[in-house]
Amino acid sequence: MKYQGNISKMKSNLTDTVEYLFPIGEQQIPLNQFIGKKISLTYLQQINCIACGKKTNKSFGQGFCYTCFSEAPQASECVLQPDKCKAHLGISRDNEWAQQHCLAPHVVYLAVSSNLKIGITRLTQIPTRWIDQGASLAIIVAQTPNRHIAGTIEKFLMQHYSDKTNWQGMLQGKSMEIDLLVEKEKACEYLPAELKQYCNEDENITQLNFPISQFPDKVKSVTFDKIDKVEGIITGIKGQYLILDNSNVLNVRRHNGYLVELDITE
Ligand SMILES: [Zn+2]
């Protein structure tokens, strides 16, 4: 089957195994059934901004034209630096957007992909955020009323934990033995009293299984900025990556707004 359209970050559902949907144009292709099958993606040399839809020669901040990257609320500084969020002071690019995205309940979490990492997200983005990062285990450490406080806790805990995923290790299925309950307790102990009050008693550890038939020994990230065609047999999907049998991996999220032809055969 052939499909054509602008692609965007994969959607997912957490069941026993994460189920992925690949958005292309108006369609959403369920991908899990194609593991073990051949896929080919051809870049059609056009990028459309995911905020305004206009053509852009280059993608800024994973899918924006330069104007939207500079002005659109969804590309605000606090997306990448939550501790700098000023929405709680009434300062933002767009009040309504800030109300929904910054002044909403957030969580601080610890997740294990190949390494242990600290992160934050909106409460409603759990477990999507963990799936997007390819985490195999995760626990909520604290819940806060807004993005700024969650960002401040994260910043504090970055003295003890990485905030980055080792994506190569994550895609190769490497993992650390970590007791997340013990780590959660430690993380809360590190915090000063005014931040520790947001730690909760939730001891629930979420386990995530990804659809992977075989982990690659080595991985090579490919991008449409350098090559026009990516093809191979899909051996797995993890995080926002398609893993192919030739060790090539494609970070789908990085190509938000790219116009692509998808050819996939059952
Ligand atoms: Zn735009």
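Observations on the model:
- Top positive-direction residue, dipole computed over the chain with Cβ charges, set Val252, Ile233, Thr223: Thr223
- If R0 is 41 Å, the Cβ-Cβ spacing of Gln74 and Ser40 corresponds to a FRET efficiency of close to 0.85.
- Rg ratio (alpha-carbon, reference 2.2 N^0.38 Å) - the chain: 1.04
- Straightening the chain between Glu201 and Tyr66 buys 44.3 nm, computed as 0.36 nm per residue apart minus the Cα-Cα spacing.
- The alpha-carbon of Lys11 sits under 17 angstrom from the alpha-carbons of these lysines, leaving out residues fewer than 8 places away in its chain: Lys238.
- For the pair Ala104 and Asp228 in one chain, pulling the backbone fully straight at 0.36 nm per residue adds 40.6 nm over the alpha carbon distance.
- Here the chain is treated with +1 on each Lys and Arg Cβ and -1 on each Asp and Glu Cβ, and its dipole about the Cα centre works out to around 820 debye.
- Residue order, fewest to most surrounding Cβ atoms within 10 angstrom, among Arg147, Arg254: Arg254, Arg147
- Projecting the Cα atoms of Cys49, Ala193, Val182 onto the charge dipole of the chain, computed from C-beta unit charges around the Cα centre, puts Cys49 farthest toward the positive end.
- The charge dipole of segment 81-149, taken about its Cα centre with unit charges on the Cβ atoms of Lys, Arg (+1), Asp and Glu (-1) only, comes to about 120 debye.
- Gap separating the Cα centres of segment 116-145 and segment 215-266, nearest whole Å: 24 Å
- Assigned charges on the beta-carbon of Lys, Arg, Asp, Glu; segment 76-207 dipole about Cα centre (debye): 380 debye
- In Å, descending, principal axis extents of the Cα set of segment 111-266: 55, 32, 27
- Mean ellipticity per residue at 222 nm, deg cm²/dmol - from DSSP H runs of n ≥ 4 across the chain, formula -39500 (n - 2.57): -5000 deg cm²/dmol
- Reciprocal mean inverse distance between Cα atoms of segment 86-202 - Kirkwood radius, Å: 14.6 Å
- Positive-end extreme of charge dipole, the chain - chosen from Pro105, Ser40, Thr17 (charges on Cβ): Ser40
- Ordering of 9-16, 40-47 by burial proxy (mean other Cβ atoms within 10 Å per residue, highest first): 40-47, 9-16
- Taking segment 62-198 as the region of interest, the number of lysine pairs whose Cα atoms are within less than 14 Å, with members eight or more places apart or on different chains, is 9.
Only the coordinates and a few stated rules stand behind these numbers; no lab work does. The model shown is predicted, which means the values in this text are computed figures rather than measured ones. A quick note on method: Cβ atoms are made from the backbone with ideal geometry, for glycine too, and the neighbour counts reach across all protein chains shown.
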